[in-house]
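The values are calculated or read from the model by the stated rules, or taken from the named source; none is laboratory data. All figures in this text were calculated on a predicted structure; none of them were measured in a lab. Cβ sites come from the backbone with ideal geometry, for glycine too, and all protein chains shown count toward neighbours.
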Amino acid sequence: MGKEVKAKIKLQVPGGQATPAPPVGSALGPHGVNIGDFVKRFNDLTRDRNGIVIPVVISIYADRSFDFITKSPPASILLKKAAGIAKGTGIVGSEIVGSVTRKDLEEIANAKMEDLNASSLDSACRIIEGTARSMGLKVEG
């Protein structure tokens with residue numbers, strides 16, 4: 001059998017910018033994991049997505065070794081980047097803070113496809129479109 005998983009930790013860390021400081025250090029420290037090793041491996045893996053928030057799931061084993069998988073960045077972050085805005089609206093449904101195109105939605109849906117519970121690109125686009133609307137983004141085209 002495989003090794004016994006002692007803990008699973010989910011974090012969101014900027015690609016290529018993990019440091020031993022919180023949240024990484026404070027999440028991994030109590031489990032006795034080599035934080036420097038995680039930081040190096042994560043940064044090497046995500047260097048191409050520098051600064052973009054990457055969700056990561058870390059499996060920590062009884063012998064203090066670990067594995068991790070990275071997921072695609074949250075849709076809201078990809079939408080903000082596509083719309084060129086710093087943040088979404090604070091007032092859902094009444095304030096429009098930017099816009100994205102149908103092509104933007106398709107690109108984001110393609111990037112997120114493996115993490116979305118969608119059977120087709122069209123349904124994935126509808127999920128991303130809902131996120132866009134809730135952030136105050138208008139979908140054009």
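For this structure, a couple of remarks:
- Any pair with Cβ under 8 angstrom, 6 or more apart, that starts in segment 1-19 at a residue that is within 23 Å of residue 46 (Cβ to Cβ) and surrounded by fewer than 12 Cβ atoms within 10 Å (Cβ to Cβ) and ends at one that is of a type in the set (Val, Ile, Thr) and modelled with pLDDT of 95 or more: 8/57; 8/58; 8/60; 10/56; 10/57; 10/58
- Listed by position, the strands (runs of 3 or more DSSP E) enclosed by segment 48-141 that each have at least 1 residues that are among the small types (Gly, Ala, Ser) are 53-61, 98-101.
- Test: residue in segment 41-62 that is outside the structural domain of residue 134 (by TED's automatic domain parsing), more than 16 Å from residue 139 (Cβ to Cβ) and free of Cβ contacts under 8 Å to residues at least 24 places away in the same chain: yes
Results for (1) at pLDDT 95 or above; (2) within 30 Å of residue 3 (Cα to Cα), shown as yes or no for each residue.
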{"residue": "68", "(1), (2)": "yes, yes"}
{"residue": "72", "(1), (2)": "no, yes"}
{"residue": "79", "(1), (2)": "yes, no"}
{"residue": "88", "(1), (2)": "no, no"}
{"residue": "93", "(1), (2)": "no, no"}
{"residue": "100", "(1), (2)": "yes, no"}
{"residue": "103", "(1), (2)": "yes, no"}
{"residue": "106", "(1), (2)": "yes, no"}
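- Residue within segment 78-96 that is within 14 Å of the chain's Cα centre (by Cα), crowded, with 16+ Cβ neighbours inside 10 Å and under 19 Å from residue 17 (Cβ atoms) present: yes
- Segment 51-77: number of residues that are among the aromatic types (Phe, Trp, Tyr) and buried (at least 19 other Cβ atoms within 10 Å of the Cβ): 1
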